[in-house]
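The values are calculated or read from the model by the stated rules, or taken from the named source; none is laboratory data. None of these values were measured; they are calculated from a predicted model. All Cβ positions, glycine included, derive from the backbone under ideal geometry; neighbour counts span all protein chains shown. What goes into the accessible areas is simple: the full protein's heavy atoms, side chains included, and nothing from ligands, DNA or RNA. Shrake-Rupley method; radii C 1.70, N 1.55, O 1.52, S 1.80 Å.
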Amino acid sequence: MSIIVNEAAGTFHLRGKRISYLMTVLKNGQLGQLYFGKRIHHREDFSYLLEYAARPMASCVFEEDKAFSMEHLKQEYAVYGTSDYRSPAAEVLQENGSRVSQFCFRGYRIMKGKPKLEGLPAVYTESLEEAETLIVELEDQVTGLRLELYYTIFEEEGILTRSARFINQGGKPLHLTRAMSLCLDLPDSEYDWIQFSGSWARERYPRARRLEEGIQSVGSMRGHSSHEHNPFVILKRPDAHEFQGEAIGFSLVYSGNFLAQAEVDTRGTVRMLLGIHPDWFDWKLEPGESFQTPEAVIVYTDRGLNALSQSFHRLYQRRLARGYWRDRPRPVLINNWEATYMDFTEEKILRIAEKARELGVELFVLDDGWFGGRNTEHAGLGDWVPNRNKLPGGIRGLSEKIEGLGMKFGLWFEPEMVNRDSDLYREHPDWILRTPDRPSCHGRFQYVLDFSRKEVVDHVYRMMEKILSDARISYIKWDMNRSITECYSAALPPDRQGEVFHRYILGVYDLYERLTSRFPEVLFESCASGGGRFDPGMLYYAPQAWTSDDTDAVERLKIQYGSSYCYPVSSMGSHVSAVPNHQLGRTTPLYTRANVAFFGTFGYELDLGRLSPKEQEEIKAQTAFMKKYRELLQFGTFYRLSSPFERNEAAWMTVSRDRRTAIVGWYRILNRVNASFSRLKLAGLDPDLEYEINGRRFYGDELMYLGLVTSDGSAGEMPEGPGGSCDFDSRLYLLKA
């Protein structure tokens, strides 16, 4: 790995084992983009990659040069208004009303490893040899605004991270009205754009279309990354698929408003932008103040979408998630929500926990309804004090009883919200986000606390810290159940109201940082009405997230399949729930619900005591299987094999690092009469090893190139599977070398 600088030519070549990234200082002082893709040899002169042409209607920078127009050059961090008419990476409002800037090269620094981003989540290194960082220093001479562009290239993967830092070194205040994390100009537009979109209970469905002239974008203005669009997109070549071809993934390590945008000009080049959504963003920089953008992660591959995903998985598992639980298999848990909702007593909770312990569950999680006056969604949020009518011994007493059963205890919080019917709201009505003199929308009868204010975050921290210090708590489910409306803070002046959305997320990160530092062995799971904040920013603090409120096994095939394009299996909260399913009313076999949930953190969301003795024995077998193979399921190399968005059969698999063990999940959504014979081509195996499946042996190359026979009644079928085929059928195949 190396960062090679040719100071005479003004070029920078960032090289890892798989990729090269080239840029140069243009003759007007701005930074130009030359190449990003598969690793190439270094040469001293890459000037041939700069192409100029005099074009009609072009606006030109130099008086005697009709060819040098920023509109027709690829740039590293573009601005609007000085011969470039495309969407900019940055926009700075100055006292005289101008928004024109020109960031010119002033110098650079190179460092081993990777610096932290103050107050923000970001990927990291554990040794200086893993990565190298280039910091390019630019300056706008008129305003004195300094811009530092951060590039970190990782040695082993095709990974580059990008961010930007602005420092006001001038004598007047400035307003950043746009500050993207990444700007990347690509030389052609022969790509398919893949976004991951949906809504509550159907999050992160992949949606693909060809890039066309104009702007294609997704984003969020909801105050969180959202159920609707994930801060992750892929550009892939039209012939690329899961196992071959070029693709570039763009992921934002951020949990607030975002924009991901590809602009194709009429000459076929693409400008990719990723960062904080510029709408409603206005950050005031007084002299001496600075602003740091969130981090963007770019992954390049020429080996297909599975390879792209696996690079993200390894990075986010090992160098984004942190702490005690990063590398540890997760406990099998049960959550009482779909079993009781808020209608419970301590006796009912203990009865559910006793049965769960008997069937092999390791962790009991008490969900909503344990605090304040919380019996319905109308009251109690914000009052994080145990309800002694439900829990006479409080959380401490219940946690001790749960631990006395031989289980760990977990607890649900929604710390960012408040009901009007709460002591917190009655004492501090000005602590919610609310626009003066206008009505305030509610979501689920709750309002958003103003986490841009330190005193609000401090107050919530004290309440949560008291509960966690007093009781035996091993797990926290951190929920967030509504989007931000009327975004206005009573604590900020008018010219800083454009900072509230970002300051809010910084407040959320601050609370997470304090709690995870104070309680380093507590397992945090993030949640936002399910998948409304399923993003890399959250994974920095909580190594797993509730993937969706939709627990139906068939829908979860799509949700988990789509999520896997960026996010590792170890990050996906996945549970076996009651039937008929509470979201869809669908009844699926118990084994299929488990066979889907195994490919995640795994748990239960039902009253196990209401199941038949036969079903309870099945649960015992499921928990035993998960405990035996959870390290492989959660941390193995994951492959997508057959998409539920394209076929009636879906399949995926995970392979151990030594390739000696693998588990395949096969799922058929609707049964078929007189169906064709079927085979499934596996992936990631050692072609020269023999693998045993149900007493029969097959070489790895047979299973990968000929395929695993999955026809009904085939010899490869697991013996514990159903007696016959049915709707919503599934099988697990265990392969051992």
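Here are the numbers for the structure shown:
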{"quantity": "Yes/no for residue 165 being assigned to a strand (DSSP E or B), modelled with pLDDT of 95 or more, open to solvent by 20 Å² or more (accessible area, probe 1.4 Å) and within 23 Å of residue 565 (Cα to Cα)", "calculated": "no"}
{"quantity": "Some residue of the stretch 353-373 being surrounded by fewer than 17 Cβ atoms within 10 Å (Cβ to Cβ), modelled with pLDDT of 95 or more, closer than 30 Å to residue 425 by Cβ and of a type in the set (Val, Ile, Thr)", "calculated": "no"}
{"quantity": "Yes/no for residue 131 being in contact (Cβ under 8 Å) with a residue 24 or more places away in the chain, open to solvent by less than 30 Å² (accessible area, probe 1.4 Å) and under 22 Å from residue 167 (Cα atoms)", "calculated": "no"}
{"quantity": "Members of the stretch 89-105 found to be in contact with a Leu (Cβ under 6 Å, 6 or more places away or on another chain) and charged (D, E, K, R), listed by number", "calculated": "99"}
{"quantity": "Residues satisfying the stated conditions in the stretch 107-158, i.e. in a strand (DSSP E or B), under 22 Å from residue 312 (Cβ atoms) and among the charged types (D, E, K, R)", "calculated": "132"}
{"quantity": "Answer residue from the stretch 1-21, given it is without any contact (Cβ under 8 Å) to a residue 24 or more places away in the chain and open to solvent by 30 Å² or more (accessible area, probe 1.4 Å) and is nearest to residue 105 (Cα to Cα) among those", "calculated": "7"}
{"quantity": "Filter pass, residue 235 being within 25 Å of residue 435 (Cα to Cα), open to solvent by less than 20 Å² (accessible area, probe 1.4 Å) and not in a loop (DSSP other than H, G, I, E, B)", "calculated": "no"}
{"quantity": "Residues located in the stretch 465-493, provided they are in a strand (DSSP E or B) and basic (Lys, Arg)", "calculated": "477"}
{"quantity": "All helices (runs of 4 or more DSSP H) inside the stretch 291-392 with 2 or more residues being within 30 Å of residue 246 (Cβ to Cβ) and in contact with a Lys or Arg (Cβ under 8 Å, 6 or more places away or on another chain)", "calculated": "305-319"}
{"quantity": "Where residue 452 falls short, out of the listed (1) in a loop (DSSP other than H, G, I, E, B); (2) touching a residue at least 60 places away in the same chain (Cβ under 8 Å); (3) open to solvent by 10 Å² or more (accessible area, probe 1.4 Å); (4) closer than 18 Å to residue 414 by Cα", "calculated": "(2)"}
{"quantity": "Any chance residue 568 is touching a His at 6+ places or on another chain (Cβ under 8 Å), open to solvent by less than 10 Å² (accessible area, probe 1.4 Å), in contact (Cβ under 8 Å) with a residue 40 or more places away in the chain and over 17 Å from residue 450 (Cβ atoms)", "calculated": "yes"}
{"quantity": "Test: residue in the stretch 35-45 that is more than 22 Å from residue 264 (Cβ to Cβ), in contact (Cβ under 8 Å) with a residue 60 or more places away in the chain and open to solvent by less than 30 Å² (accessible area, probe 1.4 Å)", "calculated": "no"}
{"quantity": "Single match in 263, 212 (criterion: assigned to a loop (DSSP other than H, G, I, E, B) and either on the phi > 0 side of the Ramachandran plot or open to solvent by 10 Å² or more (accessible area, probe 1.4 Å) (or both))", "calculated": "212"}
{"quantity": "Residue in the stretch 179-205 that is farthest from residue 557 (Cα to Cα), counting only those that are open to solvent by 10 Å² or more (accessible area, probe 1.4 Å), of a type in the set (Ser, Thr, Tyr) and touching a residue at least 60 places away in the same chain (Cβ under 8 Å)", "calculated": "189"}
{"quantity": "Answer from 660, 668 - the residue that is among the basic types (Lys, Arg), over 30 Å from residue 542 (Cβ atoms) and surrounded by 15 or more Cβ atoms within 10 Å (Cβ to Cβ)", "calculated": "668"}
{"quantity": "Total residues in the stretch 250-283, condition within 18 Å of residue 118 (Cα to Cα) and touching a strand residue (DSSP E or B) at 6+ places or on another chain (Cβ under 8 Å)", "calculated": "7"}
{"quantity": "The stretch 571-602, residues that are touching a residue at least 40 places away in the same chain (Cβ under 8 Å), open to solvent by less than 10 Å² (accessible area, probe 1.4 Å) and either farther than 22 Å from residue 623 by Cβ or in a loop (DSSP other than H, G, I, E, B) (or both)", "calculated": "588, 598, 599, 600, 601, 602"}
{"quantity": "In the stretch 88-128, residue nearest to the chain's Cα centre (by Cα) [restricted to those that are open to solvent by 50 Å² or more (accessible area, probe 1.4 Å) and of a type in the set (Lys, Arg)]", "calculated": "116"}
{"quantity": "Residues of the stretch 637-671 satisfying the condition of being assigned to a loop (DSSP other than H, G, I, E, B) and in contact (Cβ under 8 Å) with a residue 40 or more places away in the chain", "calculated": "643, 644, 645, 659, 660, 669, 670, 671"}
{"quantity": "Single residue of the stretch 502-526 satisfying the filter (buried (at least 17 other Cβ atoms within 10 Å of the Cβ) and small (Gly, Ala, Ser)) that is farthest from residue 325 (Cα to Cα)", "calculated": "507"}
{"quantity": "Residue within the stretch 702-710 that is open to solvent by less than 40 Å² (accessible area, probe 1.4 Å) and more than 16 Å from residue 734 (Cβ to Cβ) present", "calculated": "yes"}
